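> Next up is a structure, given as structure tokens.
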Amino acid sequence: MNTVPLLPLRDELFLLGHNDDTGQPHIHRRALALGLAGAVLIDLFLAGRIALTDTTGDAGPAGGQRIRPHLDRPVGDLIADAALTSLRYADPVPTVRGWLAWFADDLYERTRAGLHAGGILHRATRRRLAGLARTETYLATDTKWAVVARARLRYLAAGRDQPDNHTAALAGLVAVLGLTEHLYLGEDITTLTAHLRAIAAQHHRPVRDITAAVDAAVGDLATATYR
């Protein structure tokens with residue numbers, strides 16, 4: 001379909017989580033940060049660096065599994081390797097839910113900084129109130145990254161591509177974060193979200209478990225915000 005290389009899952013999710021024209025996030029930053037943390041964990045699992053140990057049984061709460069380093073070898077990505085280090089020296093062994101909440105703390109800023117350093121985002125100044133107010137934002141240097149990610153999800157939803165691990169995981173995170181409407185695919189949002197969830201449900205169980213933990217954590221955040 002294209003020759004554009006894949007970005008880490010968290011970077012694609014960050015780009016899809018923002019308006020291409022204004023750089024503003026589509027959802028609460030904390031919710032997006034929880035999704036980014038889930039994306040980091042999924043990438044580590046897909047790279048064979050971690051495993052999940054189910055200590056709660058099938059009836060346990062989402063995110064109750066323990067995370068254990070599986071292969072003690074760096075990935076070569078600053079954020080992913082920082083995640084691995086945190087897991088290697090964690091005592092006690094963290095649950096998925098607990099680790100997501102902890103690692104998400106400044107992950108939004110770190111992901112943005114990495115994209116900026118890599119030339120994928122650039123800093124821009126927006127003027128408001130007839131030029132009296134200025135705000136700083138970050139915009140994509142080239143929209144191809146978000147466009148290609150959306151195209152892969154479109155082909156997946158239309159049944160034109162078989163779901164690869166990376167894109168199926170992206171589909172699940174987009175669905176649970178409520179970003180489906182911002183894919184601009186021109187389809188019924190409820191149906192498309194259900195389709196993306198169904199695709200993600202065919203994934204490896206640990207990926208499904210991490211995605212479910214993100215979903216639960218974002219739900220808790222929404223409850224706390226509107227209480």
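> Only one of these conditions is not met by GLN202: (1) surrounded by fewer than 22 Cβ atoms within 10 Å (Cβ to Cβ); (2) among the polar types (S, T, N, Q); (3) within 18 Å of GLY63 (Cα to Cα). Which number is it?
Looking at each condition in turn, GLN202 falls short on (3).
> Quick one: which residue in ASP81, ASP105 is at pLDDT 95 or above and not in a helix (DSSP H, G or I)?
Among ASP81, ASP105, only ASP105 is at pLDDT 95 or above and not in a helix (DSSP H, G or I).
> May I ask you to say which residue of HIS70, HIS28 is open to solvent by 70 Å² or more (accessible area, probe 1.4 Å) and in contact (Cβ under 8 Å) with a residue 60 or more places away in the chain?
Exactly one residue qualifies, and that residue is HIS28.
> How about region 93-130: which of its residues are of a type in the set (A, V, I, L, M), open to solvent by 60 Å² or more (accessible area, probe 1.4 Å) and under 20 Å from the mean Cα position of the chain (by Cα)?
First pass over region 93-130, keeping only residues of a type in the set (A, V, I, L, M): 93, 96, 100-101, 104, 107, 113, 115, 117, 120-121, 124, 129-130.
In the following step, the residues that additionally are open to solvent by 60 Å² or more (accessible area, probe 1.4 Å) were identified as 117, 129-130.
Listed by number, the list holds a single entry, ALA117.
> Read through the list (1) surrounded by 14 or more Cβ atoms within 10 Å (Cβ to Cβ); (2) out of contact with any Pro (no Cβ under 6 Å at 6 or more places or on another chain); (3) farther than 20 Å from HIS182 by Cα, then give the number of the only condition that GLU136 fails.
(1)
> When you scan region 148-227 for helices (runs of 4 or more DSSP H) that lie fully inside it, which ones turn up with 3 or more residues that are closer than 18 Å to ASP43 by Cβ?
165-177, 205-226
> Considering only residues that are in a helix (DSSP H, G or I), over 24 Å from ASP161 (Cβ atoms), hydrophobic (A, V, I, L, M, F, W, C) and more than 8 Å from the chain's Cα centre (by Cα), which ones fall in region 1-47?
Scanning region 1-47 gives ALA31, LEU41, LEU44.
> Sticking with this structure for a sec: Condition first: in contact (Cβ under 8 Å) with a residue 60 or more places away in the chain, open to solvent by 40 Å² or more (accessible area, probe 1.4 Å) and small (Gly, Ala, Ser). Can you find one or more residues in region 216-227 that meet it?
yes
> Just checking, which of ALA213, ALA130, ALA198 is over 24 Å from GLU109 (Cβ atoms) and modelled with pLDDT of 90 or more? Break it down stepwise before answering.
Working: ALA213 fails: over 24 Å from GLU109 (Cβ atoms); ALA130 fails: modelled with pLDDT of 90 or more.
Of the residues listed, the single one that is over 24 Å from GLU109 (Cβ atoms) and modelled with pLDDT of 90 or more is ALA198.
> So, one more: Identify, by number, the condition in (1) in contact with a strand residue (DSSP E or B) (Cβ under 9 Å, 6 or more places away or on another chain); (2) among the basic types (Lys, Arg); (3) within 17 Å of VAL214 (Cβ to Cβ) that ARG97 doesn't meet.
So the condition that ARG97 fails would be (1).
> So, one more: Being modelled with pLDDT under 95 and open to solvent by 80 Å² or more (accessible area, probe 1.4 Å) narrows it down to one of ARG154, ARG150, so name that one.
So the residue among ARG154, ARG150 that is modelled with pLDDT under 95 and open to solvent by 80 Å² or more (accessible area, probe 1.4 Å) is ARG154.
The values are calculated or read from the model by the stated rules, or taken from the named source; none is laboratory data. All values derive from a computational prediction rather than experimental measurement. Methodologically, a virtual Cβ is constructed for each residue, glycine included, from the backbone with ideal geometry; neighbour enumeration extends over all protein chains shown. Just the protein is used for accessible areas: all its heavy atoms, side chains included, with ligands, DNA and RNA removed. Shrake-Rupley method; radii C 1.70, N 1.55, O 1.52, S 1.80 Å.
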